[in-house]
Structure formats: C-alpha cells, structure tokens
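The values are calculated or read from the model by the stated rules, or taken from the named source; none is laboratory data. What you are looking at is a predicted structure, and each value in this text was computed from that prediction instead of being measured. Note: ideal-geometry Cβ built from the backbone for every residue, glycine included; neighbour counts use all protein chains shown.
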C-alpha cells in the first residue's frame, strides 16, 4: 500500500522509464537510485550492468515485493541519512532517480554539498515536480529564479529532458513532472570554503525576494566592502536580478 508520508508516486509508464535510463551511461559505472518503489527504473538500471549499484528505499514494507536478486541491491534507509561516500568508497558515482517529491529539494542540496566537499558526482538524471524543476533551471531576471538554482549552478549544468504527465504515476499527483539532467562542471564555480556563506547569503536575500537589495547589502557588508566591490550598483535591484556569479563573489567577500 502506497504511503503518502513517503511522497510515493510510482512511475507506471515503462516507455518513460526506459527514456530516463537511456539519458545516462550506466554500464560499468557506479549508480545510486533513490526511491526504488515499484522498481520501474531499478530493473532497467540493473539490465545495463553497472559496476556497482545501490537503491535506497525508506519503505521497508516493499521488501516482500522484491525478489532476492533485487533485495541484495537495496538499502532500506532514509535517503537523507544514507552515506554515499562510504558506500562508494570515495569513487565517483552517478544518480538516476524518480525522486520522492516531498524531499527532492533537500536531496538536491545534500548532493550539492557532497559535490562541494568531494567532487564525487559524475552526473545526475533526476525527476522532480515540474514547478520545482523550473525553479532549478531558472535564470536571473525571471520570477522563478531562486536560491536553489544559484546553489545548483555552482556545481552542475542543468538541462530539461523529459516532461512527464501526472497520469503516468500511481497515485496520480497534483502536478506534472520534469526530468532534468545534471552534468558536473569541470571546475566548481565556488571554492568549497565559501559554500556555507553562499547558503547564508542566498537564504537572506530570497527570504524577502520582492524587496530591493539596498538594506540587505548594508546589513551584510561593511561600507568598505560595498565601496570596494561596488555593491551599491545592486541597491535598486531585487534578488532575482542578481546573476549567480555575483552571489558566488559575495560569498567570498562577506
């Protein structure tokens, strides 16, 4: 029985599952899947013979629906507590998942933190609710531009791949979904020692995103910093008007 508390929306269209798996190289690669659910993606991944595969599933009741050959690949644990670095023993890995919608943004930030610290993720193919997906890929000067797009862009180039109508899930969610492809940058756009500053700054600016930046900048930075880096040019803008690279720079100078 599906459990609403786990954000379970099982993909029931095999053609779409196949398209998702085909977006990424799997053979002889280390692969992580979050939310194995009805195994719509899991079985297709295993057919492509990854080097090492683990599926992370929180719903222990599903174990009785999995064959022994599948069970050996599954860890029944909260994905937010799963230690990717320990499991893959410091080797790079990729992620393919129809993410549990209720924790998808939290998982994305978790993986950005991993990439910041270890540069361990090769690529990701992830399905989100469409509204969240559009925020992740949004550019500055648009209303959907948020802190999540800024943080993600520091580590990955993100592109839209497959739109998935809500009717392809069981139970049917309230909104359609969108598959995004994340390709890691050759070099992260921010030094790892400044990541916590980036989180702090973006949270502060976007907490009241419709307000202009003047008071926020004056609260975060000294007058000398404002003058030296000409931050006064941002006074009459709103957070959505600031390019991600400017946020990265502010994270360095705060």
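Listed by position, the helices (runs of 4 or more DSSP H) contained in the range 139-230 that have at least 2 residues being free of Cβ contacts under 8 Å to residues at least 40 places away in the same chain and surrounded by 12 or more Cβ atoms within 10 Å (Cβ to Cβ) are 195-206, 214-220, 223-228. For the range 10-26, the condition of being modelled with pLDDT under 95 and over 19 Å from residue 126 (Cα atoms) holds for none of the residues. Against the criterion of being within 24 Å of residue 120 (Cβ to Cβ), buried (at least 18 other Cβ atoms within 10 Å of the Cβ) and either assigned by TED's automatic domain parsing to the domain that holds residue 98 or touching a strand residue (DSSP E or B) at 6+ places or on another chain (Cβ under 6 Å) (or both), residue 77 does not qualify. Out of 48, 72, one residue alone is over 16 Å from residue 98 (Cβ atoms), surrounded by 14 or more Cβ atoms within 10 Å (Cβ to Cβ) and at pLDDT 95 or above. It is 48.
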